[in-house]
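Asker: Take a look at the following structure, please.
The values are calculated or read from the model by the stated rules, or taken from the named source; none is laboratory data. Note that the structure is predicted; figures quoted are calculated from it, not measured. Cβ sites come from the backbone with ideal geometry, for glycine too, and all protein chains shown count toward neighbours.
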Amino acid sequence: MSVSIEEREACRPRGNWGVCLNMKKTEMGQTTARDRALAAIRELPEDATVEDVMERLYFLAKVKEGMRQADAGQTLHNVEVSRRILG
């Protein structure tokens with residue numbers, strides 16, 4: 001079974017593929033941002049704060065952007081990253 005980038009992005013940080021594979025699909029076969037957000041929120045503990053929710057959604061958005069960049073070949077070699085950080 002093939003997993004779409006959107007499903008992988010929504011689930012990777014928690015590793016809960018079961019929840020994400022059962023998310024509703026759009027007519028084009030993609031999960032919606034709303035569905036990915038709801039799935040992420042459902043996985044938070046019952047006592048999660050609004051700040052926890054915002055942090056989680058922000059994290060997932062950044063993971064999605066990073067994966068989009070990686071898929072587009074916009075990556076750096078670890079040696080270049082070290083050079084940029086350490087000078």
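Asker: Which of the residues that make up the stretch 28-87 are of a type in the set (A, V, I, L, M, F, W, C) and not in a helix (DSSP H, G or I)? Steps first, answer last, please.
Answerer: Filtering the stretch 28-87 down to residues of a type in the set (A, V, I, L, M, F, W, C) leaves 28, 33, 37-41, 44, 48, 50, 53-54, 57, 59-61, 63, 67, 70, 72, 76, 79, 81, 85-86.
Across the stretch 28-87, the qualifying residues are 28, 44, 48, 72, 76.
Asker: Give the stretch 73-87 a look and list any residue that's surrounded by 10 or more Cβ atoms within 10 Å (Cβ to Cβ) and among the hydrophobic types (A, V, I, L, M, F, W, C), or say none.
Answerer: Keep residues of the stretch 73-87 that are surrounded by 10 or more Cβ atoms within 10 Å (Cβ to Cβ), which gives 75-76, 80-83.
Answer for the stretch 73-87, where residues must be surrounded by 10 or more Cβ atoms within 10 Å (Cβ to Cβ) and among the hydrophobic types (A, V, I, L, M, F, W, C): 76, 81.
Asker: What is the one condition in (1) modelled with pLDDT under 90; (2) surrounded by fewer than 10 Cβ atoms within 10 Å (Cβ to Cβ) that residue 26 does not satisfy?
Answerer: The failed condition is (2).
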